[in-house]
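What follows is one structure encoded as structure tokens, with my remarks underneath.
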Amino acid sequence: MIKLSISLLLTVSGVLLVVLFLFTIYILVQRKREIRFAEVRDTFLQNSAQHWYNYLINDEIFSVVLVPRGRTQVAAIETIFSSYLKSITNEKVEHKIKEFSNVYLKKFYEKDLSSKRWSIRMNALYRIADFRIEALLDTCQQFEKTKISEEEYFQLLKIYSVFQPELFIEKIEESSVSYSESEYRRLFALLEDDVFIRLFKDFNSWTKKIQFAAIDTAAVKRNMQYIDQLKKLLTHEMPEIKIRALKGLYEIGVIDEIDPYVPFVTSDMWEIRLMVAKIFQHVPLNYTYAYLEQLLQDENWWVRSQAAKTIVEKREGIAKLQQFLESSNDPYAIEMAQETIVRKRGSK
């Protein structure tokens, strides 16, 4: 029994050693391939960088040396295109990248979408969206019919939002996948203005996450087209919607009338009163001082503080606060006004 056990143990050990040896060889070969891939990619980068600059920036004639002849050169072009798209905003450059990608990169990413490796498929989806490869839209729709992950479906939504906004709206309406607010914001940020505004027309039909993301995206875009849409939400029954709409209006920073905001000066929620005090930063003091003086005497410290800041930042702000000190009997408001004046004078 002991001899058999030793014999079996030696056999098992031998097999494990062979497996370990083969695995080590595999790792070394893969590592060598990666190093070689990086070397070829970097060489192409160095040799073609000036050609790309001349073509994209200096409007020189397109050279066939820029056409990729393998995966390593595609990887190099990805690096170049991503660098230009991140570092500059230029419609002419973006158009050239799009034009090139639809002709010379299409076949590579089309093949990648059928890869068994998730990372390769995801990279292809990222590049299709980044480089605006519209020629692969039909391929993407066919890809959606296969068994894909939530991450892949999210990238498809980004592609649809760029190439087919109507389809994008349909997809998020029927989607069984729920994303976070930040993910929805990433999707909405890519929409054209006329499509984005449609989210507000059927506002109450969306989930809370989509509603919140739409409001926050409007604030980030800071487009005056969204002002009327956000103002309509000030009468919404949900307090959180009102607060976010007020914040969005504050971020856009264009207040054409104060009547819609006056009722919120006496809101039961301090967060709403705080946002009104911020919004009044965008309105001349002679229109808002009476309301800011009321907010300066608010029971909430944050509201008092913001009201004082809004007043003092105006040209006649310090004088107004000094007048308030002479007439007020509210110790908390007086203390806030004094501190704000001192800080303002100390910052000069």
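The values are calculated or read from the model by the stated rules, or taken from the named source; none is laboratory data. Owing to the predicted nature of the structure, the values given are computational and were not obtained by experimental measurement. Cβ: placed from backbone, ideal geometry, glycine included. Neighbour counts: every protein chain shown. Note: accessible area is taken over every heavy atom of the protein model, side chains too, but ligands, DNA and RNA are not part of it. Shrake-Rupley method; radii C 1.70, N 1.55, O 1.52, S 1.80 Å.
How much mean residue ellipticity at 222 nm does the chain get from its helices, if each DSSP H run of length 4 or more adds -39500 (n - 2.57) and you divide by all residues, to the nearest 500 deg cm²/dmol?
The per-residue figure over the chain is -22500 deg cm²/dmol.
Springs between alpha-carbon atoms under 10 Å, Gaussian network over the chain: tell me which of 227, 318, 243 tops the mean-square fluctuations.
Result for the chain, Cα springs under 10 Å: 318 fluctuates most.
Can you list the lysines whose alpha carbon is less than 20 Å from that of residue 98, not counting same-chain residues fewer than 8 positions off?
Here the lysines satisfying the reach criterion relative to residue 98 are 86, 106, 107, 111, 158.
For the chain, find the longest principal axis of its Cα atoms and tell me its angle to the long axis of helix 208-221, 0 to 90°, nearest 10.
Between the helix axis and the principal axis of the chain, the angle is about 80 degrees.
Excluding ligands, DNA and RNA, what is the solvent-accessible area per residue of the chain at a probe of 1.4 Å, expressed in Å²?
58
What is the sum of charges, Lys and Arg at +1 and Asp and Glu at -1, for the other residues whose Cβ falls under 12 Å from the Cβ of residue 250?
+3
How would region 116-188 be classified by its alpha-carbon gyration tensor: rounded, prolate or oblate, with rounded meaning a/c under 1.5 and the a/b versus b/c comparison settling the rest?
rounded
Which angle between 0 and 90 degrees, to the nearest 10, do you get for helix 118-130 versus the longest principal axis of the chain when only C-alpha atoms count?
Tilt of helix 118-130: around 50 degrees.
Too long at a 24 Å Cα-Cα cut-off: which of 208/247; 201/221; 96/145; 242/278; 171/209?
96/145, as the Cα separations exceed 24 Å there.
More than 36 angstrom separation, counting every C-alpha pair in the chain; what % is that?
Taking all Cα-Cα pairs of the chain, the fraction more than 36 Å apart is 49 percent.
Which whole-angstrom value gives the distance between the alpha carbon centres of region 74-111 and region 131-154?
18
Angle, helix 91-100 long axis vs. longest principal axis of the chain, Cα atoms, 0 to 90°, nearest 10?
Around 20 degrees separate the two axes.
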